[in-house]
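Data block below; observations after.
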Amino acid sequence: MTWPMLFGVLSLMTFHLADSAFVGQLGRDPLAALGFTVPMQQLVSGMYVGLGIATTAIISRTLGQGDEIRAQRLGGLVVTIGASLALILCLTVWLLQTVILDLLGAEAELRPVIREYWAPWLVSAWTGAMLYFGYAVCRSNGDTKLPGYMMIATSLINIALDPLYIFVFGWGLPGAAWATITAFGLGTLVVYPALLRRQWLRFDLLQLKLAAALRQLGSIMAPAMVSQLMPPVSAMLATALVAGFGSAAVAAWGLGTRLEFFSIVVVLALTMSMPPMIGRLLGAGEVETIRRLVRIAVRFIVVWQLALALVWLAASGLVSTLFTKDTDVQEILVNYLLRVPLSYSGLGVCMLMVSVNNALGLPMRALLISTLRLFAWYLPMLWLGSQISGLTGLMSGALVGNLLAGTTAYLLYRQGMTHLRQQEAPA
């Protein structure tokens, strides 16, 4: 179940990197505008990923109970609620853009560039959310192949359209968003007809006992969504902190964040594929098997992410020249790649523990892990590092914060497993 999601998520991260590479050719200001967009992008994606977590948990359990009709109606409910929430969130970001850019510390000369980009970008964000809800329904029904293949297809389309829209048509930075709209729009035209053909969606929602269904969805969705929305809030605060060091710092930080997304692609795939497995094992009372499964995944993540960090370390100079021609941005990006990737093992463990705890029916523990990671470790370490040694110290703070967060997350997970084993013991 992990392999299709691995290649799918890898392709998504590749198109984000391709976007950054193409936009980097336009100069520092468009690249900085993209950097200020990253936390807002995380905000929108945090909402629909949180709903996707609840979708996987509830529909898979319902199918396990043999109630296929209810599972189909729950799929329709998720798509309906998700479309509405995503639209409201995107409209809110657009209406509050001046306030948001003030909070992020965006320079006055960058604001026209950002505003020109945000209109099509928000449309692409809503289209991406709709596509993700379709993927979530597929995964809930045990199909990871269709989402994986469609992620690859839409990413390739996006990468192919980027130079056409950005340079040939002369649309500049907004062209990157229009390429995404086109690719994701085509994706929805494939995924939703497939869902309807397989009878995984029903929209006769009045037959669902809506109040009970919404309570069930909300019991998992609310803490999961709050957990998913914390990283973008943290990213906004981190960007505001970085903005104090100038537009070159924001541009490099935005590129570094994109490279981070690419670096944790295996972790993201595992967070999507493991919850259905854990849910089935939990239903069967096989807590010890879950413990072994998670232990294997954690060991793999630590080794994999450390190896990847060494690759970034060796290729830091080459990567910086590949993504931007601005020497100031290059210098800061090299500094980033020498430090922050060494902490991706801690970040990966933390992300996996959030997903595992949600699948174990411990959403409040997952929320606690996210809260501690960002507000007890990551952001305080960023601030402390910046106070001690400026921008270099800030990046060292990111390194320390992620490693401490990963350790804390694993300890909290083990406490949760101990509690589950004690519950299973009388049986």
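Only the coordinates and a few stated rules stand behind these numbers; no lab work does. Here the structure is a predicted model, which is why all the values come from computation and not from measurement. Backbone-built Cβ (ideal geometry, glycine too); neighbour counts: all protein chains shown.
Nothing charged except the Cβ atoms of Lys and Arg (+1) and of Asp and Glu (-1): what's the magnitude of the dipole of segment 280-369 about its Cα centre? Round to the nearest 20 debye.
For this selection, approximately 420 debye.
Label residue 314 and residue 68 with points 7 Å out from Cα along Cα→Cβ: what is the distance between them in nm?
The two pseudo-label positions are separated by 5.1 nm.
Dividing the Cα radius of gyration by the Kirkwood radius, what Rg/Rh value follows for segment 1-94?
1.11
In whole Hz and in residue order, list the ³J(HN,Hα) couplings for segment 200-214 that follow from phi through the Karplus curve 6.51 cos²θ - 1.76 cosθ + 1.60, θ = phi - 60°; x for Gly and Pro.
So the Karplus estimates, Gly and Pro as x, are 9, 10, 9, 10, 7, 5, 5, 7, 8, 6, 4, 4, 5, 5, 5 Hz.
Given 137, 216, 121, which one lies farthest toward the positive end of the charge dipole of segment 103-217, if we put +1 on the Cβ of every Lys and Arg and -1 on the Cβ of every Asp and Glu?
Of 137, 216, 121, it is 216.
Taking θ as phi - 60°, what are the ³J(HN,Hα) couplings along segment 27-36 by the Karplus curve (6.51, -1.76, 1.60), each to the nearest whole Hz, with x for Gly and Pro?
Listing the rounded values in order: x, 5, 4, x, 5, 5, 4, 5, x, 6 Hz.
Tell me whether segment 1-158 comes out rounded, prolate or oblate; compute the Cα gyration tensor, take square roots of the eigenvalues as a ≥ b ≥ c, and use a/c under 1.5 as the rounded threshold.
The shape class here is oblate.
Go through 25, 96, 79 and say which Cα lies farthest out towards the positive end of the charge dipole of segment 1-115; charges sit on Cβ, +1 for Lys and Arg, -1 for Asp and Glu.
79
For a Förster distance of 35 Å, can you work out the FRET efficiency between the beta-carbons of residue 95 and residue 222, rounded to the nearest 0.05?
With R0 = 35 Å, the Cβ-Cβ based efficiency is 0.90.
Using mean Cβ contacts within 10 Å as the protection proxy, how do 163-176, 386-399 order, highest first?
386-399, 163-176
Give me the dipole magnitude in Debye, nearest 20, for the chain about the Cα centre, with unit charges on the beta carbon: positive for Lys and Arg, negative for Asp and Glu.
Around 1340 debye, computed over the chain.
Quick check: convex hull of the Cα atoms in segment 125-169, volume per residue, rounded to a whole Å³?
Taking the convex hull of the Cα positions in segment 125-169, it is 53 Å³ per residue.
Given the peptides 199-209, 140-150, arrange them by the average over their residues of other C-beta atoms within 10 Å, most packed first.
Going from most to least packed, we get 140-150, 199-209.
Tell me, what ³J(HN,Hα) does each residue in segment 135-142 have, in order and in whole Hz, if you take phi through Karplus 6.51 cos²θ - 1.76 cosθ + 1.60 with θ = phi - 60° and put x for Gly and Pro?
With the stated coefficients, segment 135-142 comes to 4, 4, 5, 4, 4, 4, 8, x Hz.
Residue 321 versus residue 111, label points 7 Å from Cα toward the beta carbon: distance in nm?
Once both label points are built, they end up 3.9 nm from each other.
If each of residue 419 and residue 334 carries a label point 7 Å out from its Cα toward its Cβ, how far apart are those two points in nm?
Placing both labels 7 Å beyond Cα along the Cβ direction yields 4.9 nm.
Per DSSP H run of n ≥ 4, the term is -39500 (n - 2.57); total these for the chain, divide by its residue number, and report the mean residue ellipticity at 222 nm rounded to 500 deg cm²/dmol.
That comes out to -30000 deg cm²/dmol.
Estimate the FRET efficiency between residue 25 and residue 199 by the formula 1/(1 + (r/R0)^6), using the beta-carbon distance for r and 45 Å for R0, to the nearest 0.05.
For R0 = 45 Å, the calculated efficiency reads 0.45.
Between residue 84 and residue 371, what FRET efficiency follows from the Cβ-Cβ distance if R0 is 35 Å, with the result rounded to 0.05?
0.85
Kindly identify segment 338-380 as rounded, prolate or oblate by the Cα gyration tensor criterion: order the square roots of the eigenvalues as a ≥ b ≥ c, call it rounded if a/c is under 1.5, otherwise compare a/b with b/c, prolate if a/b is larger, else oblate.
oblate
Using all C-alpha to C-alpha distances in segment 221-355, build P(r) with 10 Å bins and read off the rounded percent in each one.
Cα pair-distance distribution for segment 221-355, in percent: 11, 34, 31, 16, 6, 1.
Could you tell me which residue out of 296, 317, 388 lies farthest along the dipole of segment 278-427 toward its positive end? Charges go on the beta carbon: Lys and Arg +1, Asp and Glu -1, centred on the Cα centre.
Going by the Cα projections, it comes out as 296.
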